[in-house]
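The values are calculated or read from the model by the stated rules, or taken from the named source; none is laboratory data. Predicted model, so just to flag it, every value in this text is computed and none were measured. No Cβ is skipped: glycine too gets one built from the backbone with ideal geometry, and neighbour counts run over all protein chains shown.
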Amino acid sequence: MSRTTFILIGILYYVFTITIIVVVLNWINKREQKKYKNEITTLERDKNLIVGASILSELNKVGALINNDVMQKKYDGWCLRLKEIKEVEVPKITDALIEIENAFEEHDYKDLKTKIAALELEIAYVKTKSNFLLDEVKEITLSEEKNRETITKLKADYRAILAKYNSNKEEYSEVENPLELQFENVDKLFSAFEVAMENNEYTEVGKIVKAIGDIVGNLKIVIEEAPSIIIMGKKLIPNKIEDITKIANKMTKEGYNLEYLNIDYNIVEAGKKIEDVFDRLNVLNLEDSVFELKTILDYFDSLYHNFDKERVSKRIFEDYQRSILIKATKLEKISRDLNRKLEDLRYSYDLDDEDVKVLDEVTKEIAGIKDDYNRIIDMHRRKTFAFSRLSKEMEIINVKLTKTEEKLELCLRSFTSLKEDEKRAREQLDEIKKILYQAKNNMKSYKLPVTPKNFYVELAEASSAITDMIKELDKRPISIKVLNTRVDTARDLTFKVFNTTKEAVKTAKMAEMAIIYGNRYRAVYKDVELGLIKAENAFYKGNFKSSLENAINAINIVEPGIHKRLIEEYK
């Protein structure tokens, strides 16, 4: 491809690129123009809709209804406001639109956007003023239809109220006069509404409709709630007060203290509150009346629970009154007995300071409990507090008494165990002596060639331990811990002697029996004879266990399994 061709291709690319750019820019410009043109058209339409035919039509309707100075004044004011919108506000918007159109024609898009935004705000502001004016005018032009509809609903409600009142007239005896008077007022207001509508006094009509709505709404509440208020205030609460008073008087005579309930004061306050409720009821003011009366009724209902609580508390108090006195007296007697024996116990036994300290604490606690008990009994006699309070106080004392009882039982067991340990030690001393005597008899029951050496050592140790045990029992005061140690040592050493003598005699008997049994084979079997000679030598030296083993091993040469047969024979 030649150089010229390359140049031509480059020129074509350049021309094509420029063409594309021009087309794109032109398309963007046309799109921008179309957008601004649509916005200007929309602004023009919004401007034309500011003062619509509806506002003129509604003002004409009001003009036809004018029959008094108040309406004339309102009408003139609306006309002035409309004139200001038409002759001042709208022309300003028109001038702004012309400026925007000029800027659009001159392609001054930089300022155009700002001017359009400002004009949109201005149109919205003026349009709001126009709509607000239209709404005010419509309140008059539509008031007849609107008020007629409202009055129709109010009349229907009023008829329902009258029907309910007339069918249950006896329930409203307490408010008959104010209700009848209010019914007359409503009838007069309905008549006044009709007159105002005929005379086109629309400024008064709204006030009359509102007054009728307020009265009918209040009458509806009165008709709904008055029977409940009358029943609660005239029957339920008075009957409840009468019943509560009877019960309270009876319980007071029976010894109950009910002062904390403030029944008399609350009855007086309830009477004042009921009187206030009925004073307000006479002017048909029922605000919070049902709530207040229900609160009073709930209070008197709660008193029944309090009465039951006092009765239960009295039974609990009386139970504690008996049980605490019996238990405290019993513990006091035990404590006195222990204190009287304390010196003897100190002389006889080596008591710990903690044991004596616990007894002192128990004595003080019992005295304190009796003081608290007497104080509460005194309160009961003087009727200072209610049984619910007294029973709680008694419950606290009972808990203290139970803890003191546990301490005293622990102390009593500790002191009792001292004597029991001493008694048991003396009984065990006799048993130990018997066992030692049996051990000696064991040695005498069979004529041993030699007494085992360990027998005399163990016998001496056991005798010494028994002597130490006797010395400890003869001491004053006795240390139970040391005594128990001495008893355990003496018992263990005595049993050791007993077992030694028993085992030695048993082994010697079996060895002798084995030697005698094996003698039948001595003449025949040389090995048997040698084994039996060893057994005899060991026997006469006091080695009974070795003697038995040699005799069994020798016989086992002739009679395997002889060991079992010898044991069976021995048994």
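Quick check on the stretch 257-279. Is at least one of its residues among the aliphatic types (A, V, I, L, M), in the same structural domain as I230 (by TED's automatic domain parsing) and under 23 Å from N177 (Cβ atoms)?
Yes, the stretch 257-279 has at least one match.
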Selection count, the stretch 372-410, where residues are touching a residue at least 40 places away in the same chain (Cβ under 8 Å), part of a helix (DSSP H, G or I) and over 33 Å from the mean Cα position of the chain (by Cα) = 8
remark   = Pairs returned, first residue in the stretch 223-238 that is in contact (Cβ under 8 Å) with a residue 24 or more places away in the chain, second residue that is in a helix (DSSP H, G or I) and among the basic types (K, R), beta-carbon separation under 8 angstrom, 6 or more apart or interchain, are I223/K164; M232/K294
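Being touching a residue at least 40 places away in the same chain (Cβ under 8 Å) and surrounded by 16 or more Cβ atoms within 10 Å (Cβ to Cβ) is the filter here, so list the residues in the stretch 532-546 that pass it.
If the condition is that a residue be touching a residue at least 40 places away in the same chain (Cβ under 8 Å) and surrounded by 16 or more Cβ atoms within 10 Å (Cβ to Cβ), then F539, G542, F544 are the ones that fit.
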note = Only one of D337, D355, D360 is buried (at least 16 other Cβ atoms within 10 Å of the Cβ), assigned by TED's automatic domain parsing to the domain that holds V312 and at pLDDT below 80, namely D355
message = Given (1) under 17 Å from L284 (Cα atoms); (2) surrounded by 19 or more Cβ atoms within 10 Å (Cβ to Cβ), identify the lone condition not met by A196.
response = (1)
query = Which one is modelled with the lowest pLDDT among residues in the stretch 163-189 that are closer than 20 Å to I208 by Cα and surrounded by fewer than 15 Cβ atoms within 10 Å (Cβ to Cβ)?
reply = E180
ask   = within 19 Å of L448 (Cβ to Cβ), aliphatic (A, V, I, L, M) and either surrounded by fewer than 17 Cβ atoms within 10 Å (Cβ to Cβ) or at pLDDT 80 or above (or both): does that describe A554?
value = no
inquiry  = Between a residue in the stretch 196-215 that is in the same structural domain as F183 (by TED's automatic domain parsing) and more than 21 Å from F183 (Cα to Cα) and any residue that is at pLDDT below 70 and of a type outside the set (D, E), which pairs come within a Cβ distance under 6 Å, given they are 6 or more apart or on different chains?
reply    = N200/L65; N200/N67; Y202/I140; Y202/S143; T203/V70
